[in-house]
Amino acid sequence: MVNVTSPKRTHIQQLESEAIYVMREVAAQFERPVILFSGGKDSIVMVHLAKKAFAPGKIPFPLLHIDTGHNFEETITYRDWLANEVGAKLEVRYVQDSIDKGRVKEETGPNASRNALQTITLLDALKELQIDCAMGGGRRDEEKARAKERFFSHRDMFGQWDPKNQRPELWNIFNGRKNPGEHFRAFPISNWTEMDVWQYISAENIPMPSLYFSHTRPVFRRNGMLLAATDFLRPMEGEVLEEKIVRFRTVGDATCTGAVDSFASNLQEIIQEVAAARITERGGRSDDKRSEAAMEDRKREGYF
Amino acid sequence: MSTQDAIAPFVDASYLNMDMLRFSTAGSVDDGKSTLIGRLLYDTKSIFEDQMEAIETASARRGEEYVDLALLTDGLRAEREQRITIDVAYRYFATPRRKFIIADTPGHVQYTRNMVTGASTAELAIILVDARNGVLTQSKRHAFISSLLQIPHLVVAINKMDLVDYSEEVYEQIVKDFEDFAAKLDVDDIIYIPISALLGDNIVNKSEKMAWYNGPTLLHHLEHVNVGARRNLIDFRFPVQTVLRPNWEYRGFAGRVASGSVKPGDEIVVLPSKQTSKVKGVDGPEGPLEEAYAGDPVVITLEDEVDVSRGDMIARRNNMPNIGNVVEAYLCWMHETPMEPNKPYVIMHTTKSAMAHVSNLTYRIDVDTLHREQATQLNVNEIGLVEVVSAKPLTFDQYKNNSETGSFVLIDPATNVTVGAGMIRGASSTVLDSPGEKEAISRDVVWEPWNIPREEREARNGHPGSVIWFTGLSGSGKSSIARELEKRLYARGAQTMLLDGDQVRHGLCGDLGFDNDDRNENIRRVAHVARLFFEQGNIAVCTFISPFKKEREMARNLIANGRFVEVFVDCDIEECKRRDPKGLYKKAMEGKIQNFTGISSPYEAPTNAELVIDTAAMSVEEAVERVIKHLEAGGLLPS
Ligand SMILES: Nc1nc2c(ncn2[C@@H]2O[C@H](COP(=O)(O)OP(=O)(O)O)[C@@H](O)[C@H]2O)c(=O)[nH]1
């Protein structure tokens, strides 16, 4: 993104530079960092940035995926392709293993989800791999509570975050000092908005999983969400299975990630959707599927 | 405007060409800060529909006449009610011209630390003033912190104009009051905008109710103010973050250009080791670059195999930062456990960490009155001028010139928590310039900026400049020690010069006698000469009887803090008389010399000399050794 002829820098260039700086700080200050990879667009952007941060070398840390076992096939295919493409080591830990070991108890019922369970699998994985810093694609604009998150976020022995007791973060100085047994989460794209992420993906031509673009698939409606029918999720009685043109805005656990009606089949159209949701004044838009679609982009799987 | 028109700027390529402004907002509780931020988000259509619906419902439920935009940034209100730590929150919005990052800093009485945090990356600060209350102590505090942190642009937003009938007089009075105070500060650009955050006057659209106001609206100003003023594009500094070694041929130093620019072929120096080389390549994330500028993430490769690791800094050979273990800095304390001098801390400065301690708390600043106070510690939210000693040498610039290389944090090694934020003022007290506040300049000093800063000369010399001032009776042994000391310093490669009393009496002060006035004039002249040598980066070794305390103080005050070493060569008068190397005591006692110190003129022995040397108990060699040890310990001589 760097323009060679003048010192002027756009906001995207500044955000990219900041993210690369933070990633290099992580690489320098920690012994065993990882990138948490969920298959979602933010973590895809993270991998892309990491590649840039350490070029011409390889990404000096592994990608860690916590697999709920309820992933779309496309996610797994994309994940394996990406890891291979960037030459990074891929570590996968399965929620199913945590269930089998009795570390967690599977929820039951029609709305059962493994979203909450993955936290335990994640913490176990961090311990097992002796990870001292886990980088995630969290952004401050996602929700109010995140507006105060730090770039370097300290976690205690139990992996807990204490929002009342965060370290002040000034200038570009990131304090990653910790005691043995503690670890950090780092958020290199803290200052990016959803729009920045999509625009960056588009400008950088980052290949995205097909799930993000509109396609036809069998879906059914539950709790106001359009859920994809998969091997592990079937409609119950009274729920109608139908073929629809949809896309996903977040890609996570298939049991709780809703699809939306959308004809956005390329990045430009996705950007239009996102822009429409943000910019449109209220009124007369309740039927505007595109805005409804983009809005849900902000609801994210529960990695953090 | 149709939806398509409204979203157009965000979907086409122009989005990628926008620049960015980071600004902070500060105001006292209830000045309307949340409302203002909500208003900016709302009027720039940065609010999602669901959020909007939620606050409309909430406002209607409370029976409010207007939609309470403050609810958008509601997080803080909840915190306030729960009395938990109020913290800086970051918010985002964009217009077709610019992307904005707001550091929303709660302006509660105690939250200096939040303001400092938010201000550390801001290029503009909005200070809210309630038109009904005028300029309060807290507004002054916000302005002072903004100037201390060197935020280039200040906006004083005079809010709630609707409650003062949009009165021009009220506005003018506040402008005047603020200007009176701001005159004491180091801020170049202040603009005053009368607004109503609640009703939207002069936020995005020009207010019809304030036709008398000719300035820009707030958003117009935010969109057009010059960005990048914080970026130093002149002095190339490159703190090395990490070394990349993907294969045996490639060894690159990864980092972000902190300031200045760099291109292949540049002659560079690695600090603090001072190894020199040439830039072979500058690689950006997408490959080789012709030139990289402040803020760019790059990997630099060098022509020679030099030893470089994290924490080192690459600079240009003819433009180096300061190198030293002692810095003088404004320190803002951020933790409930107070700062105490001599307690061990960890300093993080650029990409370097080292053990450190605060060797001296010169004074504490009352952030409301700007008064300086004696203090023995800094409590949370207090700011003081301190001297920090680092175990490893730091490569730094003045914060005023370079916030990247002029800032640091202190960490408590026991808890690993960040406890202090520092802004470097200089290698040590450079008395003559200071960010944040204008300082009274010593009456003794005719202030002309030195053409080439002493720091640069010192960097070239490889040691700090200093003045070693020997005082003592005639025959006490001052000159013997001073002469030997100078030879030793010279042999070690130091830049040094001896100024001897007898010598100057023949030339520079040949017109002076020995009465009190002439003695004073004698010391005044030589002190200024010592200063010149000092500013040239020399270790000026001075040996003068200098019997009067006041004159020695005068000499000391001409020299930067910590750089004036007074050595009292203590010798009993009877012993001096016995030695009498030049036969002067004899003549004085015979009355052939008037006003002879110790005989017919008093000697005021120093009570606060840095060193006392008893020549009756010490050889010249031993005395010189002691002085050298002292210089080494104080960082005035590389060991
Ligand atoms: N009349 C009037 N009231 C305002 C204005 N701005 C804020 N307020 C009111 O002042 C009160 C405090 O505002 P708030 O934004 O919560 O202040 P904060 O504590 O600085 O965040 C609220 O009741 C607002 O509605 C204004 O421009 N005019």
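The values are calculated or read from the model by the stated rules, or taken from the named source; none is laboratory data. Predicted, not measured: the structure shown is a model, and the values here were computed from it. Here Cβ is always computed from backbone atoms with ideal geometry, including for glycine, and neighbour counts include all displayed protein chains. Side chains included, ligands, DNA and RNA excluded: accessible areas come from the protein's heavy atoms. Shrake-Rupley method; radii C 1.70, N 1.55, O 1.52, S 1.80 Å.
Quick one: if the Förster radius is 60 Å, what FRET efficiency do A:Ile120 and B:Asp30 give, using the C-beta to C-beta distance and rounding to 0.05? Write out the running numbers ahead of the final one.
On the way: r = 44 Å, r/R0 = 0.74.
So the FRET efficiency works out to roughly 0.85.
Relative to one another, the C-alpha centroids of region A:46-64 and region B:549-590 are positioned 67 Å apart.
Could you size up the charge dipole of the protein assembly as shown around its Cα centre, putting +1 on the beta carbon of Lys and Arg and -1 on that of Asp and Glu, and report it in debye to the nearest 20?
On the way: 114 positive and 138 negative charges, 383 e Å.
Dipole about the Cα centre, nearest 20: 1840 debye.
Compared with the alpha-carbon gap, the fully stretched path from B:Trp212 to B:Gln503 is longer by 97.6 nm at 0.36 nm per residue. Mean partner shielding of peptide B:292-300, defined as the number of other chain Cβ atoms within 10 Å of each residue Cβ, is 6.
Of the Cα atoms belonging to the protein assembly as shown, the radius of gyration and Dmax stand at 32.9, 126 Å. Between chain A and chain B, the total buried accessible area stands at approximately 7100 Å², from heavy atoms with a 1.4 Å probe.
Stretching B:Asp580 away from B:Asn595 to a fully extended chain increases their span by 3.8 nm, per 0.36 nm per residue minus the current alpha-carbon distance.
Computed from the Kirkwood radius of its Cα pairs, the Stokes-Einstein diffusion coefficient for region A:1-96 at 25 °C and 0.890 mPa s stands at 168 µm²/s.
At q = 0.17, 0.18, 0.21 Å⁻¹, what log₁₀ I(q)/I(0) does a Debye calculation on the Cα points of region A:80-233 give, no solvent, two decimals? Summing over Cα pairs of region A:80-233 leads to -1.42, -1.45, -1.41. Distance between the pseudo-spin-label points of B:His528 and B:Thr57 (7 Å out from Cα toward the beta carbon): 7.9 nm. Using every pair of separate Cα atoms, the Kirkwood estimate puts the hydrodynamic radius of chain B at 28.2 angstrom. With each label modelled as a point 7 angstrom along the Cα→C-beta vector, the B:Arg132-B:Asn451 pair spans 6.1 nm. Please compute P(r) over all alpha-carbon pairs of region A:7-50, binned at 10 Å starting from zero, and give each bin as a whole-number percent. All Cα pairs considered, the percentages come to 25, 48, 24, 3. Per the Debye formula on identical point scatterers at the alpha carbon atoms of region A:169-211, with no solvent, log10 I(q)/I(0) at q = 0.23, 0.25, 0.30, 0.33 Å⁻¹ is -0.88, -0.95, -1.13, -1.19. A Förster radius of 45 Å, combined with the Cβ-Cβ distance separating B:Asp304 from A:Asn84, puts the computed FRET efficiency at roughly 0.75.
Can you pull the mean other chain C-beta count within 10 Å for peptide A:51-58? Please list the in-between numbers first.
On the way: counts 1, 4, 7, 7, 10, 8, 8, 1.
The shielding value for this peptide is 6.
Separation of region B:236-290 from region A:206-281 is 46 Å, based on Cα centroids. Under Stokes-Einstein, with the Kirkwood radius over Cα pairs as Rh, the value for region B:160-210 at 37 °C and 0.692 mPa s is 274 µm²/s. Here B:Leu489 sits with roughly 0 square angstrom of accessible surface, probe radius 1.4 Å.
Legend: calculated FRET efficiency, B:Arg372 to A:Glu73, from the Cβ-Cβ distance at R0 = 51 Å, rounded to 0.05, equals 0.15.
Based on alpha carbons, the Rg and Dmax found for region B:483-527 are 13.4, 39 Å. For chain B, relative contact order (Cα pairs under 8 Å, six or more residues apart, normalised by length) works out to 9 percent. Modelled spin labels at A:Ala203 and A:Asp162, positioned 7 Å past Cα toward Cβ, are 4.0 nm from each other.
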